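What follows is a set of notes on a single structure, which appears directly below.
The values are calculated or read from the model by the stated rules, or taken from the named source; none is laboratory data. Predicted model, so just to flag it, every value in this text is computed and none were measured. In this analysis, Cβ positions are derived from the backbone assuming ideal geometry, glycine residues included, and neighbour counts consider all displayed protein chains.
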Amino acid sequence: MEDLVRIRLSPRAEKEIKNGFPWAYDTEVTAERQPRDGDVCLAYSEKGRYIASGFYNSASKLRFRVVSVNANDRIDEQFWRRRIRWAVDYRRRVMGDDFSCCRLIFGDADGFPGLTVDRYEDVLSVEVNSLGIDRIKDTLYRLLLEYLSETGVVISSVRERSEGRNRQLEGLDDYSGYVKVRGFELIDKREVFITENGIRYAVDVEQGQKTGYFLDQKYNRAAAARIAKGLNVLDCCTHTGGFALNCAAAGAMSVLGIDISQAAVEQSTRNAELNGLDNVSFEKHDVFDFLSDALNTGRRDWDMIILDPPAFTKSRATVKNADGAYEELNLLAMRLLPRGGYLVTCSCSRFMTPDLFRKAITRAAYRARVSLRQIERRGASPDHPVLTGAPDTEYLKCYIYQIV
């Protein structure tokens, strides 16, 4: 470890990392000798105490990203092999029969800054959003496939989907494509069929959003389905039909899923056909326009409304606007539901904290002149663990209410 470049952290960064925060910002880091971007370096306090080891990147506002807080750790191949084993073994234990389709690695929460790995049966879909991980990704892919193989899991394809703003902030170009891994015979597989909560889906790992599918809502969909039997359900921002199909299979009287994307509507319709469900349909609409039009025309067709919009904010600077958008969306839904109806409302924005989201819902209820009976307060499935000290990892909020 002595050969690694040392950097110095501000007292504030020192305190936050000791409390579990996974990085230090550019203004909190100084270095007499700057590490090479993407290298592992050692972070010390202003008084010379070791704090953590992690990746350095002078191009990023996240200047230092924590990999380990153990001074005895040597960040080598054996270290990453051990980390991969811990991450995979954790999923096998907490996901049980759902291990075949789950998130295997969840970035900072697993000690892999900027790395996401989702498993869809025999396909891995990967996203890399940090320079440090990008430089060692080939090694990580090999180690991951080796350990999965040792435990009896056969992977036939690995596809990387590393695109978007987070890569740009790290000084990285976008990359998307089929991955070759030394020692493994892999194929370029662009679609895979999965089963979640007994529902079959076609997952497009080449063109679908993020890594192809949103695994984090798995158990929230099942929770909504438990109360959907006999109800008329509206699923807003349905994406590939997750909530809608779960409710339809559970015996809902009727289900309508809406999404602004025509591709999503077509994929959802295909998924309904895969499951032989004839009590569900999908239409292309903007959610705000659709709910407003229903309210203005007196349409009151639904006993349950599900709100699962994309993130309304991707930065702290726009949280105020997002706060108002969440309030308005929930207000529209509450005004459309009858007394005794059910509302499932979600936010996936990491900047919209649980407290802010609850306050937006509460304001909407006051304006709608209704009271809310909370049935469940939920988050992401346990393959997306929350890292203590890192509030951003508690990004998904899901509340189920009855309107009273």
Can you pull out every residue in region 11-24 that is part of a loop (DSSP other than H, G, I, E, B) and either acidic (Asp, Glu) or surrounded by fewer than 16 Cβ atoms within 10 Å (Cβ to Cβ) (or both)? Asn19, Gly20
Return the residues of region 51-72 that are in contact (Cβ under 8 Å) with a residue 60 or more places away in the chain and surrounded by fewer than 17 Cβ atoms within 10 Å (Cβ to Cβ); say none if nothing qualifies. Ala59, Lys61, Ala71
Across region 36-77, what is the number of residues that are assigned to a loop (DSSP other than H, G, I, E, B), touching a strand residue (DSSP E or B) at 6+ places or on another chain (Cβ under 7 Å) and either more than 16 Å from Phe21 (Cβ to Cβ) or among the hydrophobic types (A, V, I, L, M, F, W, C) (or both)? 9
When you scan region 297-317, how many residues do you find that are under 22 Å from the mean Cα position of the chain (by Cα) and free of Cβ contacts under 8 Å to residues at least 60 places away in the same chain? 6
Selected residue [β-branched (Val, Ile, Thr), more than 21 Å from Leu169 (Cα to Cα), assigned by TED's automatic domain parsing to the domain that holds Val181 and under 20 Å from the mean Cα position of the chain (by Cα)] from Val88, Val117, Val128: Val88
Only one of (1) surrounded by 17 or more Cβ atoms within 10 Å (Cβ to Cβ); (2) within 28 Å of Asn275 (Cα to Cα); (3) touching a residue at least 60 places away in the same chain (Cβ under 8 Å) is not met by Glu170, so which one is it? (2)
Within region 194-213, which residues are at pLDDT below 95 and of a type in the set (Phe, Trp, Tyr)? Tyr213
Any residue in region 318-337 that's in the same structural domain as Ile258 (by TED's automatic domain parsing) and modelled with pLDDT under 95: show its pairings with residues that are outside any helix (DSSP H, G or I) and surrounded by 17 or more Cβ atoms within 10 Å (Cβ to Cβ) at Cβ separation under 6 Å, as long as the two are six or more apart or on different chains. Val319/Thr313; Val319/Phe351; Ala322/Phe312; Ala322/Thr313; Ala322/Met352; Ala325/Phe312
Can you tell me which of Arg33, Arg8 is in a strand (DSSP E or B), among the charged types (D, E, K, R) and either touching a Lys or Arg at 6+ places or on another chain (Cβ under 8 Å) or over 21 Å from Phe79 (Cα atoms) (or both)? Arg8
From the list Asp118, Asp110, Asp89, pick out the single residue that is in contact with a helix residue (DSSP H, G or I) (Cβ under 7 Å, 6 or more places away or on another chain) and farther than 26 Å from Arg190 by Cβ. Asp110
Looking only at region 75-107, how many residues end up being over 17 Å from Leu143 (Cα atoms), in contact (Cβ under 8 Å) with a residue 24 or more places away in the chain and out of contact with any Phe, Trp or Tyr (no Cβ under 8 Å at 6 or more places or on another chain)? 5
Looking at Leu332, Leu343 in this structure, which one is surrounded by 18 or more Cβ atoms within 10 Å (Cβ to Cβ) and in a helix (DSSP H, G or I)? Leu332
Could you say which residue among Tyr178, Tyr201 is within 17 Å of Arg270 (Cβ to Cβ) and over 16 Å from the mean Cα position of the chain (by Cα)? Tyr201
Condition met for Lys284 (surrounded by fewer than 19 Cβ atoms within 10 Å (Cβ to Cβ), farther than 25 Å from Gln374 by Cβ and in contact with an Asp or Glu (Cβ under 8 Å, 6 or more places away or on another chain)): yes
